Amino acid sequence: MAKARRRRVRDTWKDKQWYTITTPKEFGDAEIGTTPSRDPDMLLKRRVESTMRELTGDFSKQYVKLKFQISEVAGDTATTRFIGHQVTSDYVRSMIRRGTSRIDSIVSAETQDGQKMKIHVLAITIKRAKSSQQRYIRETIEKLVQDAASEKNFVELVEEIIGGKLASYVYHETKKIYPLKRVEIIKTKVVDEKKS
């Protein structure tokens, strides 16, 4: 009985075809893995992660994890769409020092082409800030991110987030309120499908 079952398992493995998983165009159609599947439809919605270093070869971006979801299968290629990113928790920990304030701002934003996103911005002050200052920084971050998102389409916004341009812009605007050590977008999540 066990022998027959083992043989059956091996046979189903043979039926499977290998698919190459690629990133969306805005990430250069890069190959991020391969996966076997008997039915290409079973690949849809499957999630895949990759680091920025794997995509760009840039070792300084090792801590940025990109999240993709398979959205289409054509031939033996499975293409993905970007569904969010996250920086590693040890990287976040390394930024925070004693005597500073950590200000987290989770912003719901919508791009010009109707894509909703949750964007988690982390600001770290040089010295401890009063709670009123922290609140004002948080409100300012929210407004800056929402305005920036509404002026860009989804692809442009993602490029600015991943490339660090949006964080740098927010940093320069908010440090006028209180001296900041840095601003980092530590997590993003695509909330739902784009309205077509």
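Working from Cα pairs under 8 Å separated by at least six residues, relative contact order for the chain is 18 percent. For the listed residue pairs K16/K45; K61/K143; K61/K130; K45/K118; K130/K187; K45/K165, the alpha carbons are over 22 angstrom apart in K61/K143; K61/K130; K130/K187; K45/K165. Distance between the modelled labels on Q62 and M42, one decimal in nanometres: 3.6 nm (7 Å Cα→Cβ projection).
One decimal place: the segment T35-Y169 gains 44.4 nm when fully extended, by the rule 0.36 nm per residue minus the C-alpha distance.
Read-outs: derived from the displayed coordinates by stated rules, not from any lab. Nothing here was measured: the structure is a model prediction, and the numbers come from that model. Glycine gets a Cβ as well: all are built from the backbone with ideal geometry, and neighbour counts include every protein chain shown.
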